[in-house]
Amino acid sequence: MYRVHYSLNIPFGSYLIGFVALFFLFSIFSGVLIHAADFVKGFFRYRADGRKRSQLLDLHNIIGVISLPYTLMLAVTGLIFNLIIIYQIALGVILYKGDIDALLTDAGFVTVAPQWQGEPWSSPPVDELYQQTINTWGSVPSQMRVYNYGDSSAVLEFYGLVEEEFAGQFGVAYNVSDRSAVFSENRNDPNAVAAGLDVVAALHYGRFGDLGLRFVYFILAIAVCALIVTGNLLWVGAREKTMSSAKLNFVGRFTLASTAGVGVATIFAFIAERLLPIGGYNRAAYLAYAFVISLVAASSYIWLAADRRKVLVRLLQVVTSACLFLLFVDLALYSSNLMEYFENGFFAPIGVEIGIFVSAILSAYVSMKLQDRLSDIHNRKNNNPTPAFAEKIG
């Protein structure tokens, strides 16, 4: 999921996402200019009894104003992350004469690549090196990596946040065999490029606050998704009379595939993550296959079905059922693990379970509302048929 997010998990995908972020940033600026005169008045206006287009426009404006700082920050930082690769290539060719490794080293990025020795390690001093890192940096590491696990060439790497700094991070790696340092960041003289990217990363991921900030980020991220969808629907609605039915049909079904279809694929990827055993095969690849296959299946159904509104109802029902099944699997197989996490103050897995449960409730509620609306439309057609419809059933 993470790789799909920033590179689509395809060759040169990060360049494509970088240019998408560039156009996203342009759409934000142009949207602000278009709606600038109506910002304040539009924020306090929602015509609940108005036409569908008026409701969409008011909702789009309200969400846009509320999420504007977050949306702007997200677009700028995402653009920096992805298009920095282009700058890297240019600098590597011009200033470093093609030596990208030297460029990365000067920029503060160190690659750990120990050579496998084929000799088992003996009493790896993991706890000792962990405590040494805490004593050195005065902060508990948030991430640990082991390279060449079980081999005498193993390298232990720690990363974490520096408590007294806004976006300060530390990184250190040790050879397990002799406890020597492979690399260690200089606390008194941080690399300017790495420190700048740490600030960008802290803003992008919301690393400068606690769980409350993450929750705010989550709500704002959902708002940005709603902003894109309402903008898409407004664009389609403004062109219904000028665009061909084939083009409108394509845009409508593509919107469904990129929203409800992605939701279906995501929850099935969660289920695959729970059920796939941990073994000697490429588990990550199978998780990616589960996501892609689910997305293709949902998109195929969206494209082949006759009524798009019924498609959305069915997909929401699938999401509801999949979320409930996932909760059942977690409680049946991992209830003791979840309880252990909770007792030790590690609440992230519990938060995931709550999020899945809320998703099930919301999907069920929206699907029932849409189903009722479709039933009303069907009943009106049957009770008050148009002349052409009456002639057809007569």
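Which condition breaks for LEU304 when tested against (1) more than 22 Å from the chain's Cα centre (by Cα); (2) of a type in the set (A, V, I, L, M, F, W, C); (3) over 29 Å from ILE377 (Cβ atoms); (4) loosely packed, with under 14 Cβ neighbours inside 10 Å?
Of the numbered conditions (1) more than 22 Å from the chain's Cα centre (by Cα); (2) of a type in the set (A, V, I, L, M, F, W, C); (3) over 29 Å from ILE377 (Cβ atoms); (4) loosely packed, with under 14 Cβ neighbours inside 10 Å, the odd one out for LEU304 is (3).
Can you find a residue that is at pLDDT 70 or above, polar (S, T, N, Q) and farther than 27 Å from ARG239 by Cα anywhere in region 84-105?
yes
Test SER258 against the criterion of being farther than 20 Å from VAL140 by Cα, of a type in the set (Ser, Thr, Tyr) and over 24 Å from the mean Cα position of the chain (by Cα), and give yes or no.
Spelling it out, it is not the case that SER258 is farther than 20 Å from VAL140 by Cα, of a type in the set (Ser, Thr, Tyr) and over 24 Å from the mean Cα position of the chain (by Cα).
Quick one: which of TYR130, TYR159 is over 22 Å from ASN191 (Cα atoms) and hydroxyl-bearing (Ser, Thr, Tyr)?
Working: TYR159 fails: over 22 Å from ASN191 (Cα atoms).
Unique residue meeting the criteria: TYR130.
A quick yes/no check of all residues on (1) within 27 Å of GLY196 (Cα to Cα); (2) surrounded by fewer than 16 Cβ atoms within 10 Å (Cβ to Cβ); (3) out of contact with any Pro (no Cβ under 9 Å at 6 or more places or on another chain):
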position	(1), (2), (3)
GLN143	yes, yes, yes
GLY150	no, yes, no
GLU157	yes, no, yes
GLY160	yes, no, no
GLU163	yes, yes, yes
ALA167	yes, no, yes
PHE170	yes, no, no
TYR174	yes, no, no
SER180	no, yes, yes
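Among the residues of region 194-218, how many are in contact (Cβ under 8 Å) with a residue 12 or more places away in the chain, assigned to a loop (DSSP other than H, G, I, E, B) and either in the same structural domain as VAL162 (by TED's automatic domain parsing) or under 17 Å from the mean Cα position of the chain (by Cα) (or both)?
Final tally of qualifying residues: 1.
Name the residues in region 207-222 that are within 21 Å of VAL358 (Cβ to Cβ) and either among the aromatic types (Phe, Trp, Tyr) or crowded, with 18+ Cβ neighbours inside 10 Å (or both), would you? Break it down into steps so the answer makes sense when it comes.
Quick first cut of region 207-222, residues within 21 Å of VAL358 (Cβ to Cβ) only: 210-222.
The answer is PHE215, TYR217, PHE218, LEU220.
Output the residues belonging to region 334-358 that are of a type in the set (A, V, I, L, M, F, W, C), in a helix (DSSP H, G or I) and exposed (fewer than 14 other Cβ atoms within 10 Å of the Cβ).
Filtering region 334-358 for residues of a type in the set (A, V, I, L, M, F, W, C) gives 338-339, 342, 346-348, 350, 352, 354, 356-358.
Within this subset, residues satisfying the condition of being in a helix (DSSP H, G or I) are 338-339, 342, 348, 350, 352, 354, 356-358.
Hits for region 334-358 are MET339, PHE342, ALA348, ILE350, ILE354, VAL358.
Residues in region 254-277: is at least one at pLDDT 85 or above and not in a helix (DSSP H, G or I)?
yes
For region 302-334, name all the residues that are free of Cβ contacts under 8 Å to residues at least 12 places away in the same chain and more than 26 Å from PHE218 (Cα to Cα).
Selection gives LEU304, ALA305, ALA306, ASP307, ALA332.
Applying the selection to region 283-327, what residues are within 25 Å of LYS369 (Cβ to Cβ) and aromatic (Phe, Trp, Tyr)?
Matches in region 283-327: TYR301, TRP303, PHE325.
Name, by its number, the condition in (1) modelled with pLDDT of 80 or more; (2) part of a loop (DSSP other than H, G, I, E, B) that does not hold for ILE28.
Tallying (1) modelled with pLDDT of 80 or more; (2) part of a loop (DSSP other than H, G, I, E, B), ILE28 fails exactly one: (2).
Within the set of pairs 6 or more residues apart or between chains, which connect a residue that is farther than 15 Å from ALA223 by Cβ inside region 44-64 to a residue that is of a type outside the set (Phe, Trp, Tyr) and modelled with pLDDT under 70 with Cβ atoms less than 6 Å apart?
Here the result reads SER54/ARG47, each pair linking region 44-64 to a residue that is of a type outside the set (Phe, Trp, Tyr) and modelled with pLDDT under 70.
Going through region 322-333 one residue at a time, which ones are within 24 Å of ALA260 (Cα to Cα) and surrounded by 11 or more Cβ atoms within 10 Å (Cβ to Cβ)? Before you say what the answer is, go through the steps one by one.
Residues of region 322-333 within 24 Å of ALA260 (Cα to Cα): 322-330.
Scanning region 322-333 gives ALA322, CYS323, LEU324, PHE325, LEU326, LEU327, VAL329, ASP330.
Determine whether region 261-277 contains at least one residue that is β-branched (Val, Ile, Thr), surrounded by 16 or more Cβ atoms within 10 Å (Cβ to Cβ) and over 17 Å from ILE356 (Cα atoms). Steps first, please.
Within region 261-277, the subset β-branched (Val, Ile, Thr) is 262, 264, 266-267, 271.
Adding the requirement that they be surrounded by 16 or more Cβ atoms within 10 Å (Cβ to Cβ) leaves 262, 264, 266-267, 271.
Within this subset, residues satisfying the condition of being over 17 Å from ILE356 (Cα atoms) are none.
The answer is no; no qualifying residue exists.
Out of everything in region 289-301 that is among the polar types (S, T, N, Q) and in contact (Cβ under 8 Å) with a residue 24 or more places away in the chain, what residue ends up being surrounded by the fewest Cβ atoms within 10 Å (Cβ to Cβ)?
From region 289-301, those among the polar types (S, T, N, Q) are 294, 299-300; that's our starting set.
Add one more test, that the residue is in contact (Cβ under 8 Å) with a residue 24 or more places away in the chain, and what stays is 294, 299.
Working: SER294: 23, SER299: 20.
Among them, the one singled out is SER299.
The values are calculated or read from the model by the stated rules, or taken from the named source; none is laboratory data. In this text, all values refer to a predicted model and were calculated from it rather than measured experimentally. Counting neighbours? That spans all protein chains shown, and the Cβs are built from the backbone with ideal geometry, glycine included.
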